[in-house]
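The values are calculated or read from the model by the stated rules, or taken from the named source; none is laboratory data. Note that the structure is a prediction, hence the values are computed from the model and not measured. A quick note on method: Cβ atoms are made from the backbone with ideal geometry, for glycine too, and the neighbour counts reach across all protein chains shown. With ligands, DNA and RNA removed, areas are computed over all heavy atoms of the protein, side chains included. Shrake-Rupley method; radii C 1.70, N 1.55, O 1.52, S 1.80 Å.
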Amino acid sequence: MFDHILVPMDGSPLAECVLPHTMAVARASEAQVTLLRVLERTQATDPARSIDPLDWHIRKAEARAYLDGVSARLQEAGLRTENTLLEGKAAERIVEFVRAHDVSLIILSSHGRSGLSDWNVSSIVQKIILRAYVPVMIVRAYQPVASDPTGLRYRHMLIPLDGSQRAECALPPAITLARSHESELLLVHVVPRPEMVRRAPPTQEDVELANRLTERNLLEATRYLEQLQSRLSLDVQTRVFVSDNAAATLHELVEQEETDLVVLSAHGYSGGTRWPYGSMVVNFIAYGTTPLLIVQDLPADEMEHTQAEMAAREYKGH
């Protein structure tokens, strides 16, 4: 499933919400865990004033000691760990490390040293997940942390599927976790109602056409999930819904089922290579309240670079 898990830490209590999940995922996948701390040089009020070398040395020593302490806790739980301390801008250095060291999963706290905010994830987390191009797990720092970090279990996992092979990329890691944690898997398909032109009320013919299409899609979705269920030797439940708003329906279901983990493929049938995530994943990043595992279905070399990326690279070359 995942061979090398990267866990960025900034030394804050909020960031440590990832530790129970790191233990839970690393045990299931028998993965190597790298704890990464990036020290940023704070901007002095006087640009001409240099950073105090002694103060910087102390900060680095404290950061190493912190990583050693966290690593010891993970090793006591049976994990294989290593520590890395880097200097520079956090998001950039983390992305560089991911690409240089074959990281197969990043586990991120939604918030860290800068504290909780009105935004569902911090700006650093946004930058990392938009540029890393590997699977990521986002843990909500504003949710209660397990009292026993070694005892976290994913009892109920929800996997939204749209019938495409790309969406099924979420299944292998979900199945591995489910077997390790003896979880119940809930496979969900939301059938959208056909959109009609809004300039005038739909005619009876329009309504009948939309209903026929909805019924056909509902039947196909039910068959699809039943076939998947029969292939999986696990405790698997399936649900099919008809909705005008698939995202809202899924969020409501997450709450109703007391879901411990949502597992999503980065793209579904409508996804391309222009953006790293489809609209449903973006919605769950921005508005989800439970731990979220996003499985990237495309390799980094197939992703299209944004104009901002290309402009920044060109500028650095001058």
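Between ASP244 and GLU309, take the C-beta separation as r, use R0 = 45 Å, and let me know the FRET efficiency to the nearest 0.05. That pair, ASP244 with GLU309, gives E of 0.80. Separation of the stretch 255-296 from the stretch 185-232 is 21 Å, based on Cα centroids. A simple spin-label model places pseudo-atoms 7 Å from Cα toward Cβ; at SER117 and SER164 they are separated by 3.0 nm. If the chain linking GLU258 and THR222 were pulled fully straight, counting 0.36 nm for each residue of separation and taking away their Cα-Cα distance, it would gain 10.7 nm.
Using a probe radius of 1.4 angstrom, the carbon and sulfur fraction of the accessible surface of the stretch 1-160 is 50%.
Can you pull the percent of the stretch 174-220's accessible area that's carbon plus sulfur, 1.4 Å probe, other chains left in place? Carbon and sulfur atoms account for 49 percent of the accessible area of the stretch 174-220.
Extension gain for ALA200-SER147 works out to 13.4 nm (0.36 nm per residue, less the C-alpha to C-alpha distance). What FRET efficiency, computed as 1/(1 + (r/R0)^6) with R0 = 22 Å and r the Cβ-Cβ distance, is obtained for ARG193 and GLU302, rounded to the nearest 0.05? It comes out at approximately 0.10. Extension gain, ASP55-GLN126: 0.36 nm per intervening residue step, less the Cα-Cα distance, totals 22.6 nm. To the nearest 10 degrees, how steeply does helix 19-29 sit against the main Cα axis of the chain, on a 0 to 90 scale? With both axes taken from Cα atoms, the answer is about 70 degrees. Rolling a 1.4 Å probe over the protein heavy atoms gives the chain an accessible area of 55 Å² per residue. Think of the stretch 175-318 as a dipole: +1 on every Lys or Arg Cβ, -1 on every Asp or Glu Cβ, centred on the Cα centre; then among LEU213, THR249, GLY288, LEU213 lies furthest on the positive end.
Within the shell of other residues whose beta carbon sits under 15 angstrom from the beta carbon of LEU74, the net charge comes to -2, with Lys and Arg scored +1 and Asp and Glu -1.
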